[in-house]
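Each remark here refers to the structure printed beneath this line.
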Amino acid sequence: MEAQHAVFEETVTLRQAKKLIQCMAHEQSFLLLSAPGMGKSEMVYEAAADAGLPCRSLLGTQIAPEDVSGIPRIVGERSVFCPPRILLPERPEPFCLFLDELPACAPDVQKAFYSLLLERRLGEHSLPAGTWVVAAGNRLQDRALVRAMSSALVNRVTILHLRVDTDEWLAWAARHGVRSEIRSFIASMPDALMRPVPAEPVPFSTPRAWSLLSRAIDMAESSGILSNETRRALAFGRLSAEDAVVFCSLAEEAIGPVRPLEDYIQEPELLPQSDSARWFVLNCIRQYVRDGRAAKFKPHVINRFLRSLSSEHQLTVLTEMVEQWGALGADRAMFDLLKKVTAT
């Protein structure tokens, strides 16, 4: 019987990866893997800037083997390879070498990186002491023109599988001026920050897509051309359709920033009056309960919240989640709803 091998991938957040890089990238090479649009490249640039290192990057899909190994010239009676300046500058000062899209490199280009990744060496030339070597790329399942990596390359790097962390992104977004309505939307609907890569080549929501949408709306607004139609065009051109629909509906109704979900549970009268806005908030509360984050509320608070909703909205938040709401002590409200909907 053929043995079955499970593949386990321990993941880290961008912030955790950044700390690991700053701690040991001067000695050990890293390969960051994730779905597209997570912000790997920007994190590497920020890590290098924080450490006072200039960052030089090579795009794996646009280089040839000689761009790594260098071009030979004759010195006396021997040929000497002259490494490219980007990899070996004239001044022997440390820097961050960022190899972007390494998994997408042709096999001969990947092979040219072997000694660079393991020994920090290009032929007879060594990189300046203290230089970081960090690579990044997408995974085979991301449909991003990724090639299979050789075992020799994999064994020369520490591979870090990255995951999205909503709190990390929201803190980053606040520092970088991402629009408040986008931050509020993601805080209330964290699943919208990063959607799975679709089978078809259509827009999908990623941290990069949200930050670029924020910038696009800023530019449209400053130019005086922002309208419901332009917002929709920009959102549907960047995001998953499901997220674009809800985001634009909320923006068009101008309901303002969404309050913390705890406020709506404690004070149901704060729920938005419009159908689409109320649906959005209730869907967020449904996800909030599913994630087990509502355990701090007393049963009487949970029952009061549910009873404040219409029968239709109660059914919406309870469907396929009776067990979770029951664990919060919502038995009375659910029993009352059952009597109401079964009454003849």
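Each value in this text was obtained by applying a stated rule to the coordinates, not by laboratory testing. Since this is a predicted model, take the numbers as computed values, not measurements. Positions of Cβ are backbone-derived with ideal geometry, glycine not excepted, and every protein chain shown enters the neighbour counts.
Beta bridges from DSSP with both residues in the chain: antiparallel share about 25 percent, rounded to the nearest 5.
Between the helical axis of 166-175 and the longest alpha-carbon principal axis of the chain there is an angle of about 80 degrees. For residue 270 and residue 46, the FRET efficiency from 1/(1 + (r/R0)^6), where r spans their Cβ atoms and R0 equals 56 Å, is about 0.90. Between the helical axis of 14-24 and the longest alpha-carbon principal axis of the chain there is an angle of about 30 degrees.
Below 14 angstrom from the Cβ of residue 30, what's the summed charge of the other residues (Lys, Arg +1; Asp, Glu -1)?
On the way: positive: 18, 19, 40, 120, 156; negative: 27, 100.
Taking every Cβ under 14 Å from that of residue 30, the sum is +3.
When the helices in the chain are scored as -39500 (n - 2.57) per DSSP H run of 4 or longer and the sum is shared across all residues, what 222 nm value do you end up with, to the nearest 500 deg cm²/dmol? Calculated from helices alone, the mean residue ellipticity at 222 nm is -13000 deg cm²/dmol. Expressed in units of 2.2 N^0.38 Å, where N is the residue count, the Cα radius of gyration of the range 166-253 is 1.02. Straight-line reach from residue 18: taking Cα to Cα under 23 Å and skipping same-chain neighbours fewer than 8 places apart, the lysines in range are 40.
The ratio of the alpha-carbon radius of gyration of the chain to the globular-protein estimate 2.2 N^0.38 Å is 1.28. Compute the long axis of helix 241-253 from its Cα atoms, compare it with the longest principal axis of the Cα atoms of the chain, and write down the angle in degrees, 0 to 90, nearest 10. The angle comes out at about 60 degrees.
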